[in-house]
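For reference, the structure discussed in these notes is given below.
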Amino acid sequence: MTIDWRYTVEENLGILSVAGYLGPDAVHRFSGAIGWALARGTGPVVVDLTELRSWSAEGQLAITEAAHRLAEAGRSLELAAIPADGSLVPAGDCPPIPVHADLAAALAAHRAGHGEQAEGRHEWRTTGWPTGGQAGG
């Protein structure tokens with residue numbers, strides 16, 4: 001099992017929504033999505049885990065590695081809606097990873113109008129990501 005993702009840039013904020021299971025088989029795909037975010041945006045990246053079913057220890061490690069990659073590029077990583085069955089325990093040398101209760105709280109922290117067709121908004125997604133808006137389970 002793997003993940004699907006959608007990356008949206010709104011003004012100076014990237015939103016990487018991830019659906020599925022972030023396990024050992026999906027780590028490479030998640031890393032690729034982070035590379036996509038690095039190449040196509042600026043500012044913080046909020047990883048929206050609303051549609052993530054679960055994650056493994058390898059998946060959590062991929063999150064901390066993504067935080068390092070983004071920090072090296074002068075950007076930060078934040079999480080929204082972490083899975084109920086897991087907690088993120090970053091390594092001691094990991095950049096801070098703010099955790100928001102949900103995507104709305106993350107966007108409110110950045111005062112971004114998510115869902116509006118803002119000028120300059122761009123979106124990319126994997127072919128498995130539903131086109132009707134929210135991911136379904």
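Structure values in brief
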{"quantity": "Per-residue SASA entry for residue 97, accessible area with 1.4 Å probe, Å² rounded to 10", "calculated": "30 Å²"}
{"quantity": "nm² value of the averaged projected area, convex hull over the Cα atoms of region 1-97", "calculated": "5.4 nm²"}
{"quantity": "Nitroxide proxy distance, nm - points 7 Å out along Cα→Cβ at residue 39 and residue 57", "calculated": "3.3 nm"}
{"quantity": "Accessible-area value, residue 99, 1.4 Å probe, nucleic acids and ligands omitted, Å²", "calculated": "80 Å²"}
{"quantity": "Separation of the residue 122 and residue 94 label points, Cα + 7 Å toward Cβ, nm", "calculated": "2.9 nm"}
{"quantity": "Theoretical FRET efficiency, 1/(1+(r/R0)^6), r = Cβ-Cβ of residue 76 and residue 28, R0 25 Å, to 0.05", "calculated": "0.65"}
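The values are calculated or read from the model by the stated rules, or taken from the named source; none is laboratory data. Keep in mind that what you see is a predicted model, and the values were worked out from it rather than measured. Here the Cβ is made from the backbone with ideal geometry for all residues, glycine too, and neighbour counts use every protein chain on show. The accessibility values were calculated without ligands, DNA or RNA, using every heavy atom of the protein model including side chains. Shrake-Rupley method; radii C 1.70, N 1.55, O 1.52, S 1.80 Å.
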